[in-house]
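Bear in mind these aren't lab numbers, they're just calculated from the coordinates by the rules spelled out. Just so it is clear, the structure is predicted and the values come from calculations on it, not from any experiment. Reconstructed Cβ throughout: ideal geometry from the backbone, glycine too, with neighbour counts over all protein chains shown.
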Amino acid sequence: MVLLSNLTAAGFSEYEAKVYLALLSEHPATGYQISKSSGVPRSMVYEALGRLHKRGAVLKSEENRATLYRPLPPDTLLDRFAQEHDSLMKSLRADLSKRYSSQGEERLWTISGRSSVLSYASQMLKKADREVSIVLGDSELEALRGEIQAVCGREVNVNALLTGEGDLELDIKDANKKGTCQHQIARHPPLESELHELSHMLLVVVDNRECLIASASPETSDIRGTITKNPNLVLIAWQFVWMELFTQRIYKNIGAELLVQLDPQDRNIFESLDQIKKS
């Protein structure tokens with residue numbers, strides 16, 4: 001069922017997908033044989049075979065007054081599909097970009113779905129010129145790690161606050177670059193992350209001009225986000241990351257004698273961070 005669904009997603013009709021799958025297992029075969037093995041009615045199997053042959057997914061041969069069919073090898077078929085898809089995407093990117101004009105408006109826009117949110121975040125990172133400030137948990141870190149490292153490789157400054165257990169390595173050196181990016185990476189105290197519901201949050205601020213704030217539902221893992229270029233809201237998001245990183249830098253210089261003077265609630269937060277450093 002998964003293969004059938006994936007083939008229909010690639011542009012096959014249901015009958016075409018069933019015919020192609022049947023031919024993979026048994027070929028060469030006549031239309032009658034394919035109808036029996038695929039479950040496609042004889043009245044429809046030749047129409048499906050004709051469309052597949054026209055698309056180059058099925059080959060045919062006339063032999064002893066019978067027509068035999070065999071499938072195009074999967075690797076060959078999928079390579080062609082990939083090339084056609086890449087060509088289509090390049091053409092669409094060029095044509096749609098000509099029609100699209102970016103507006104300097106300051107509205108709040110909502111975006112839904114994990115793949116949509118992560119794709120938008122990835123595009124933001126690709127367009128970064130000067131600085132990226134980001135807050136992310138483990139799943140978002142794994143999804144965006146490559147783009148964040150690529151940002152650093154372009155010598156764009158990176159400020160990252162991690163709310164999970166994963167690590168982010170940004171000491172990247174490129175022989176073609178004069179230096180490396182300036183970056184700050186800190187891990188948020190897990191207790192405070194839970195208290196403030198940061199464990200499932202993604203925040204991305206790029207060049208102090210646009211921000212994305214998204215959060216995932218712990219029950220469904222679905223993500224809903226908000227995107228804006230409003231300068232006041234972008235500034236607040238940037239300041240949040242800056243203050244969190246500043247707090248982590250201050251914590252490194254707090255001695256035991258000062259720590260005991262804190263309120264128990266605040267001391268527990270710092271002690272939870274200390275446990276991470278020791279683990």
Taking only the alpha carbons of region 1-51, what extent do you get along each of the three principal axes, in Å, biggest first? 26, 20, 15
Under the Karplus relation 6.51 cos²θ - 1.76 cosθ + 1.60, θ = phi - 60°, what is the ordered set of whole-Hz ³J(HN,Hα) values for region 56-72, x standing for Gly and Pro? x, 8, 9, 9, 9, 9, 8, 8, 6, 6, 10, 9, 9, 10, 9, x, 5
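For an R0 of 22 angstrom, estimate the FRET efficiency from the Cβ-Cβ distance between Ala66 and Leu21 and round to the nearest 0.05. Present the calculation step by step, with values, prior to reporting the outcome.
On the way: r = 22 Å, r/R0 = 1.00.
Plugging the Cβ-Cβ distance into 1/(1 + (r/R0)^6) gives 0.50.
Going highest first, how would you order 20-31, 86-97 by mean Cβ packing within 10 Å? Don't skip to the end; give the middle numbers.
On the way: 20-31: 17.6, 86-97: 9.8.
Those peptides, ordered most packed to least, come out 20-31, 86-97.
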Using modelled amide H (1.01 Å from N, peptide plane; none on Pro or chain starts), what sits under 5 Å from the amide H of Gly137, excluding residues fewer than 5 places away? Thr163, Met201
Given labels modelled 7 Å from the Cα in the Cβ direction, how far is it in nm from Arg249 to Arg42? 8.1
If you plug each phi of region 15-32 into the Karplus form 6.51 cos²θ - 1.76 cosθ + 1.60 with θ = phi - 60°, what whole-Hz ³J(HN,Hα) values come out, in order, with x for Gly and Pro? 5, 5, 5, 5, 5, 5, 5, 5, 5, 4, 8, 8, 7, x, 8, 7, x, 4
Simple label model, 7 Å out from Cα along Cβ direction - Asp79 to Leu235, nm: 5.7
